[in-house]
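Asker: Following this message is one structure expressed as structure tokens.
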There are 2 protein chains.
Amino acid sequence: MATEIKPDDARIIAGFERFYEALRRLTPRSELSLTAASTLRRLERSGPHRLSELYAPEGVSQPAMTQLVTRLEREGLARRSSDPADGRVVIVSITEEGRDAVARRRDGRARALAELLEQLPEDEHAALLAALPALQRLGDLIID
Amino acid sequence: MATEIKPDDARIIAGFERFYEALRRLTPRSELSLTAASTLRRLERSGPHRLSELYAPEGVSQPAMTQLVTRLEREGLARRSSDPADGRVVIVSITEEGRDAVARRRDGRARALAELLEQLPEDEHAALLAALPALQRLGDLIID
DNA sequence: TGATTTATATCACTGGCTTATACAGATATC
DNA sequence: GATATCTGTATAAGCCAGTGATATAAATCA
């Protein structure tokens, strides 16, 4: 009962909820967990990171990230190296195999979505395009 | 290399991906797992179901659903009952406490989203409203 | 009746998270 | 410069949530 939610916003939110559910269903059991995929994408997007730079943005504990990196390393998707300037530090980077895994995941979902988008009437398709800047901005407001 | 994805579709898909990531981040550690929440929503939306009607749509195995229902029951969020017509069957239904849990989860995310929506410029807000039918239709195409 | 099918449960295991704690390397203090 | 503290990562123990294989009980069919 704190703040009131405007009716239009409520409609948008309900739409998002349903859509989120749908998207989730579109990525069945992948080879990558949500955190694993997100971490690999980050490594791909912005290069090698210290382990300590990874866990907070992913919203997990430091031991969880240590363990995730261990699993990723075991599967050949990421690599540990050391910082010559600081012996405590572990630098994590993505491998070629890791890039492939990310691409496969992205592609699978993209193909499924593209197929659906093709089924939309032209005006709805256009409406989605028009809503992209808003989605982008919302994403920016939420992430990092 | 199967089907080609049109550039506009690729843009929409990239926007979705980012937005999905953002939404995921908006629901931190809840009291409910993704499957638990989704199952409870289903029970709330369309009433009691047999266990066997629940696991496939949720995309988990039958033992996983048995265990989930056991946990939900233990936490007072769902209830098992039997089908008088078939002694093997377990009917699962949501409790009042379960409805409350679903509502709390929905509310938490709704409030966070509403706050963000308020920060959007008017035209982007309008673009989201205009895109709702498309989101709705996409959701329908994907779910069930 | 007896065999088979169906609905759910149990078992043993793995992955992915948590908190608490250990430990090695870096930095600071005296 | 030796010692204490801080920082970055790892390890340990435990829980939750999933898996496949299998057990069990009720229903159905020959």
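The values are calculated or read from the model by the stated rules, or taken from the named source; none is laboratory data. None of these values were measured; they are calculated from a predicted model. Note: ideal-geometry Cβ built from the backbone for every residue, glycine included; neighbour counts use all protein chains shown. The area values use the complete protein model at the heavy-atom level, side chains included, leaving out ligands, DNA and RNA. Shrake-Rupley method; radii C 1.70, N 1.55, O 1.52, S 1.80 Å.
Asker: Hey, what angle do you get for helix A:62-74 against the long axis of chain A, alpha-carbon based, 0 to 90 degrees rounded to 10?
Answerer: 80 degrees
Asker: In nm, one decimal, shortest first: how far is the label point of residue A:83 (7 Å from Cα along Cα to beta carbon) from the matching points in the other copies?
Answerer: So the distances to the same position in the other copies read 6.0 nm.
Asker: With +1 on the Cβ of every Lys and Arg and -1 on the Cβ of every Asp and Glu, and nothing else charged, how large is the dipole of region A:20-93 about its Cα centre, in debye rounded to the nearest 20? It would help to have the intermediate numbers written out before the result.
Answerer: Working: 12 positive and 9 negative charges, 34 e Å.
Dipole of region A:20-93, to the nearest 20 debye: 160 debye.
Asker: Which three extents, in angstrom, do the Cα atoms of chain B have along their principal axes, listed largest first?
Answerer: 56, 41, 24
Asker: For helix B:96-117, what angle does its Cα long axis make with the longest principal axis of chain B, in degrees from 0 to 90 and rounded to 10?
Answerer: Rounded to the nearest ten degrees, it is 10.
Asker: Another one. Over the whole of B:118-126, what's the average partner chain Cβ count within 10 Å per residue? Rounded to a whole number, please.
Answerer: Partner Cβ neighbours, averaged per residue: 4.
Asker: If you take the accessible area of B alone, add that of A alone, and subtract the area of the pair, what total do you get in Å², probe 1.4 Å, to the nearest 100?
Answerer: Numbers: alone 10780 and 10790 Å², together 15240 Å².
Rounded to the nearest hundred, the buried surface is 6300 Å².
Asker: Summarise the partner chain shielding of B:106-113 as one whole number: the mean count of Cβ atoms from other chains within 10 Å of each residue's Cβ.
Answerer: Rounded to a whole number, the mean comes out at 4.
Asker: Right, here's the next one. To the nearest 20 debye, what charge dipole does region B:27-142 have about its Cα centre, counting +1 at the Cβ of each Lys and Arg and -1 at the Cβ of each Asp and Glu? Walk me through the intermediate numbers first.
Answerer: Details: 17 positive and 18 negative charges, 104 e Å.
That gives region B:27-142 a dipole magnitude of about 500 debye.
Asker: Using the heavy atoms of the protein chains alone and a 1.4 angstrom probe, what is the accessible area of region B:27-142 per residue in square angstrom? Present the calculation step by step, with values, prior to reporting the outcome.
Answerer: On the way: 6030 Å² over 116 residues.
Ligands and nucleic acids excluded, the result is 52 Å² per residue.
Asker: Determine the calculated [θ] at 222 nm for chain A from helices alone, applying -39500 (n - 2.57) to every DSSP H run no shorter than 4 residues and normalising by the residue count; nearest 500 deg cm²/dmol. Don't skip to the end; give the middle numbers.
Answerer: Values: 6 runs with 94 residues, N = 144.
Counting only the DSSP helices, I get -21500 deg cm²/dmol.
Asker: Could you please point out the chain A residue with its Cβ nearest to the axis of the rotation taking chain A onto chain B, and the distance in whole angstrom?
Answerer: Here the nearest residue and distance are A:131, 2.
Asker: Rounding to the nearest 10 and keeping the result within 0 to 90°, find how far the Cα-based axis of helix B:34-46 lies from the longest principal axis of chain B.
Answerer: For B:34-46 against chain B, the angle is about 80 degrees.
Asker: Related question: Using the Karplus curve 6.51 cos²θ - 1.76 cosθ + 1.60 with θ = phi - 60°, work out ³J(HN,Hα) for each residue of region B:133-139 in order, rounded to whole Hz, and write x for Gly and Pro.
Answerer: Using θ = phi - 60°, the values come out as x, 5, 4, 4, 5, 4, x Hz.
Asker: If I take R0 = 25 Å and measure r between the Cβ atoms of residue A:118 and residue A:46 in this structure, what FRET efficiency does the formula 1/(1 + (r/R0)^6) give, to the nearest 0.05?
Answerer: For R0 = 25 Å, the calculated efficiency reads 0.15.
Asker: What average count of beta carbons from other chains do you get within 10 Å of the Cβ of residues in B:36-43?
Answerer: Mean partner shielding for this stretch: 1.
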